[in-house]
Amino acid sequence: MVKEVTLDSSVLVSAFVKGDKFRAKARRIIEKVFSGEFRVVTSAIVFVEVCGSVARRVGVDKALLVKDQLVKWDNMNFIGWSELTGKRMGEAAELAVELKLRGMDAIVVQVAKEKKRALITFDEEMAEKAKAAVEVFTH
């Protein structure tokens, strides 16, 4: 059975960065995406966050490869990107206030809530706060 999920940037960053403490877990999650066990839709901001984080952690060259890989996964329908519309922005702002989430985290949680998907994140603070709005899986 296919599980509908929303991935936080922490999962994708961990999958791409060698030596990351959650890399093995992140790679298993990505394998489930490739096998069709997980169907992913996440916020388009995650694309930007992942590229920036990888650039800061391991360099621009690796970040450019990651950017290309994410585009390929999009083209192969492994990841769907949800755009930040005015309606979604308002809903995310409400979640940020109600749950005291960081702004970018609230946008990702909003996607999970709107799409009725489980959120997968390695960010413990985000996970704890998001549990009030969506089903959450962590490491």
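Derivation of every value follows stated rules applied to the coordinates shown; laboratory data play no part. Because the structure is predicted, anything quoted here is derived from the model rather than measured. Note that we place each Cβ from the backbone using ideal geometry, even for glycine, and neighbour counts take in every protein chain shown.
Structure notes:
- Taking all Cα pairs closer than 8 Å and separated by 6 or more residues, the relative contact order of the stretch 3-133 comes to 32 percent.
- A simple spin-label model places pseudo-atoms 7 Å from Cα toward Cβ; at Lys62 and Arg28 they are separated by 2.3 nm.
- Environment charge at Val134 (Cβ cut-off 9 Å; Lys +1, Arg +1, Asp -1, Glu -1): +3
- Among the listed pairs Lys32/Lys115; Lys18/Lys131; Lys32/Lys100; Lys21/Lys72; Lys67/Lys113, those beyond 22 Å (Cα-Cα): Lys18/Lys131; Lys32/Lys100; Lys21/Lys72; Lys67/Lys113
- When only Cα pairs below 8 angstrom with a gap of at least 6 residues are kept, the stretch 100-139 shows a relative contact order of 43 percent.
- In terms of the mean number of neighbouring beta-carbon atoms within 10 Å, the peptides 38-46, 76-84, 13-21 order highest first as 38-46, 13-21, 76-84.
- For the stretch 80-93, the Karplus equation 6.51 cos²θ - 1.76 cosθ + 1.60, evaluated at θ = phi - 60°, returns couplings of x, 10, 9, 6, 8, 8, x, 4, 5, 4, x, 5, 5, 5 Hz by residue, with Gly and Pro reported as x.
- Ranked by the mean number of other Cβ atoms within 10 Å per residue, highest first, peptides 111-118, 124-131 order as 111-118, 124-131.
- Between helix 44-58 and the chain: long-axis angle, C-alpha atoms, 0 to 90°, nearest 10: 50
- Here is the size of the stretch 80-138 from its Cα atoms: Rg then Dmax, 10.3, 29 Å.
- Paramagnetic label reach from Glu4 (point 7 Å along Cα→Cβ; backbone nitrogen cut-off under 13 Å): within the stretch 88-132, residues 111-119.
- For Lys3, distant residues with modelled amide H under 5 Å away: Phe38, Arg39
- Degrees between helix 103-115 axis and first principal axis of the chain (Cα, 0 to 90, nearest 10): 80
- Three semi-axes describe the equivalent ellipsoid of the stretch 3-133; taken as square roots of 5 times the Cα gyration tensor eigenvalues and ordered largest first, they are 23, 16, 15 Å.
- As a calculated quantity, the FRET efficiency between Lys116 and Lys21 at R0 = 35 Å, using C-beta atoms, amounts to about 0.70.
- Förster-model FRET efficiency, 25 Å R0, Glu135 and Met76, C-beta, rounded to 0.05: 0.45
- Backbone geometry of the stretch 24-32 corresponds, through the Karplus equation with coefficients 6.51, -1.76 and 1.60 at θ = phi - 60°, to 3J(HN,Hα) couplings of 4, 5, 4, 5, 5, 5, 5, 4, 5 Hz, x marking Gly and Pro.
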